[in-house]
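Q: One structure follows; several queries about it will come next.
The values are calculated or read from the model by the stated rules, or taken from the named source; none is laboratory data. Remember, it's a predicted structure, so these values are computed and weren't measured experimentally. For neighbour counting, all protein chains shown are included, and Cβ atoms are generated from backbone atoms with ideal geometry for every residue, glycine included. With ligands, DNA and RNA removed, areas are computed over all heavy atoms of the protein, side chains included. Shrake-Rupley method; radii C 1.70, N 1.55, O 1.52, S 1.80 Å.
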Amino acid sequence: MTTKDFYYDLPPELIAQHPLKDRAGSRLLVLDKETGKIEHKNFRNIIEYLNPGDCLVMNNTRVIPARLYGVKEDTGGKIEFLLLKRIDLNTWNVILKPGKRARTGARFVFGDGLLKAEVIEVRPDGNRIVRFEYDGVWEELLDKLGEMPLPPYIKEKLEDKERYQTVYSKIEGSAAAPTAGLHFTNELLEDIKDKGVKTAYLTLHVGLGTFRPVSVENVEEHVMHTEHYEVSQEAADIINETRKSGGRIIAVGTTSVRTLETVAEDNGTMKAEIGDTSIFIYPGYKFKVTDSIITNFHLPESTLLMLVSAFAGKENIFEAYEQAVKEKYRFFSFGDAMLLK
């Protein structure tokens, strides 16, 4: 199985550059993984495919405004920081651009001195470990100075930061949004709840590795990035009770899928757990707990496209993508949605 097996042509104009004003106004392509049948709907129609007793599993991570623009303290040279992972209160693993300006001991200034940083380690992968210096509350400062780290294929500036957050986002820590959840509104979630559908919230902090292309020819040789997850006892109990009573586990987004399939035992039983996952799901994988997936359209040759191909069958997925291109669906993070059932 080669990476090229997961390539498809996508006209650039179909890459959504901005979110719709109405979150739930996006289109929904429904794919039956058993029959290959395809339906074209509106996202609000999702409720028609959910049954009382089913459980929506949602990732409540919250994106931090992780892109910072500053200058080198001694020369005034411009620098861009991208916060990847918090190590302790004031220390972060970051990507710097341009990186050559960032040797150990290099110092940088942001927001006219409101925030300062010093490189304390140069990592083998080229990233830097930096220690920040500031007065006040870190979250408030970051919200003031930082920008949302939008994917590289989005060229337009985001006017409202909250449109790159799900309405149920809660736990800060992601460098990218779990975009399948962007289609839900509070009103739609209430309607779903009123129908008797349960919700379970887990956390997986999405890293920028989600946009990293697969560079190896042989799919099985790809090394996945690692992401931190947390599954509470409450979430595990809801999922286990749903399965016991015959309900379906419907994962909202590939991040929820990866967390579920990491934590679930071979018989599908979930447990409370905190950890890091580098699970790589591609065709041939046997799903343990996920019965259905709500997802967006994914990049060619990406691990996410491989994951949905593993779930619904590569032929089915590529037929659906071909129809989506023909019908001019909007693609990627701010684009339309799919239901794989």
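Q: Dipole magnitude of the chain about its Cα centre, charges +1 at Lys/Arg Cβ and -1 at Asp/Glu Cβ only, in debye to the nearest 20? Don't skip to the answer; put the middle values down first.
A: Numbers: 45 positive and 52 negative charges, 109 e Å.
About 520 debye.
Q: With springs only between Cα atoms under 10 Å apart, run a GNM on the chain and tell me which of L189, L307, L84 wobbles the most.
A: L189
Q: Among Y229, Y201, Y153, which one moves the most in a GNM of the chain with springs linking Cα atoms closer than 10 Å?
A: Y153
Q: Under a Cβ-Cβ cut-off of 13 Å, what is the net charge of the residues other than T226 that fall near it, where Lys and Arg count +1 and Asp and Glu count -1?
A: On the way: positive: K85, R212, R258; negative: D125, E227, D276.
Around T226, the charge tally is 0.
Q: Would you give the gap between the C-alpha center of the stretch 163-211 and the C-alpha center of the stretch 271-302, rounded to a whole Å?
A: About 16 Å separates the Cα centre of the stretch 163-211 from the one of the stretch 271-302.
Q: For the chain, what are Rg and Dmax over the alpha carbons, in angstrom?
A: 20.6, 65
Q: Still on this model: Rank these by accessible area, largest first, 1.4 Å probe: F280, F81.
A: F280, F81
Q: On to the next question. Could you compute how much accessible surface F132 exposes when probed at 1.4 Å, giving the result in Å² to the nearest 10?
A: Spelled out: F132, probe radius 1.4 Å, area about 10 Å².
Q: May I ask you to derive the FRET efficiency for E327 and K157 from their Cβ-Cβ distance with R0 = 35 Å, giving the value to the nearest 0.05?
A: On the way: r = 28 Å, r/R0 = 0.81.
Calculated value: 0.80.
Q: Residues with beta-carbon under 13 Å from that of S256, excluding S256: net charge, scoring Lys, Arg +1 and Asp, Glu -1? Show your work: numbers first, answer last.
A: Values: positive: R258; negative: E227, E230, E261, D291.
Every neighbour counted, the sum reads -3.
Q: Farthest toward the dipole's positive end in the chain, which of I250, A337, I95, given Cβ charges of +1 (Lys, Arg) and -1 (Asp, Glu) about the Cα centre?
A: Going by the Cα projections, it comes out as I95.
Q: Can you give the net charge of the other residues whose Cβ lies under 12 Å from the Cβ of N51, counting K and R as +1 and D and E as -1? The partial results should precede the final answer.
A: Details: positive: K195, K198, R248, K341; negative: E48, D54, D291.
Taking every Cβ under 12 Å from that of N51, the sum is +1.
Q: K326: which lysines have alpha carbons under 30 Å from its alpha carbon, excluding same-chain residues fewer than 8 sequence positions away?
A: Here the lysines satisfying the reach criterion relative to K326 are K4, K21, K33, K37, K41, K155, K157, K314, K341.
Q: Also, I was wondering about something else. Under the rule that an exposed site lies in a DSSP loop and has at most 14 other Cβ atoms within 10 Å, name the longest stretch of the chain with no GluC sites (Glu not before Pro) of that kind, not counting the sites themselves. Could you put the intermediate results ahead of the total?
A: Working: sites that count: E34, E156, E159, E217, E265, E327.
After excluding every exposed loop site, the longest remaining stretch is 35-155.
Q: Now for a separate question. What shape does the stretch 65-145 have by the C-alpha gyration tensor, where a ≥ b ≥ c are the square roots of the eigenvalues, rounded means a/c under 1.5, and otherwise prolate means a/b greater than b/c and oblate the rest? Please list the in-between numbers first.
A: Numbers: a/c = 1.64, a/b = 1.19, b/c = 1.37.
It comes out oblate by the Cα gyration axes.
Q: Same structure again: Can you give me the C-alpha center-to-center distance between the stretch 18-45 and the stretch 222-245, rounded to a whole angstrom?
A: Computed from Cα coordinates, the inter-centre distance equals 25 Å.
Q: Please list, by residue number, every one of the trypsin sites (Lys or Arg not before Pro) in the stretch 214-297 that is coil in DSSP and has at most 11 other beta-carbon atoms within 10 Å.
A: Details: sites: R243, K244, R248, R258, K271, K286, K288; in loops: R248, K271, K286, K288.
Filter output for the stretch 214-297: K286.
Q: Here's another thing I want to ask about it. Whenever you get a sec, line up R330, R212 from highest to lowest accessible area (probe 1.4 Å, protein heavy atoms). Write out the running numbers ahead of the final one.
A: Numbers: R330 50, R212 135 Å².
Per-residue accessible area, sorted high to low, gives R212, R330.
Q: If you don't mind, there's one more thing I want to ask. Could you sort H18, H183 by their accessible area in this structure, using a 1.4 Å probe and putting the largest first? Let's see the in-between values first.
A: On the way: H18 90, H183 10 Å².
Result, largest first: H18, H183.
Q: Then there's this: Round to the nearest 10 and report in Å² the accessible area of Y285, as given by a 1.4 Å probe over the protein chains' heavy atoms.
A: Roughly 50 Å² of Y285 is accessible to a 1.4 Å probe.
Q: Once every DSSP H run of n ≥ 4 in the chain is given -39500 (n - 2.57) and the sum is divided by its residues, what mean residue ellipticity at 222 nm do you get, rounded to the nearest 500 deg cm²/dmol?
A: Numbers: 6 runs with 62 residues, N = 341.
Helix contribution divided over all residues of the chain: -5500 deg cm²/dmol.
Q: Excluding ligands, DNA and RNA, what is the solvent-accessible area per residue of the chain at a probe of 1.4 Å, expressed in Å²? Spell out each step's value before the answer.
A: Numbers: 15740 Å² over 341 residues.
On a per-residue basis, 46 Å².
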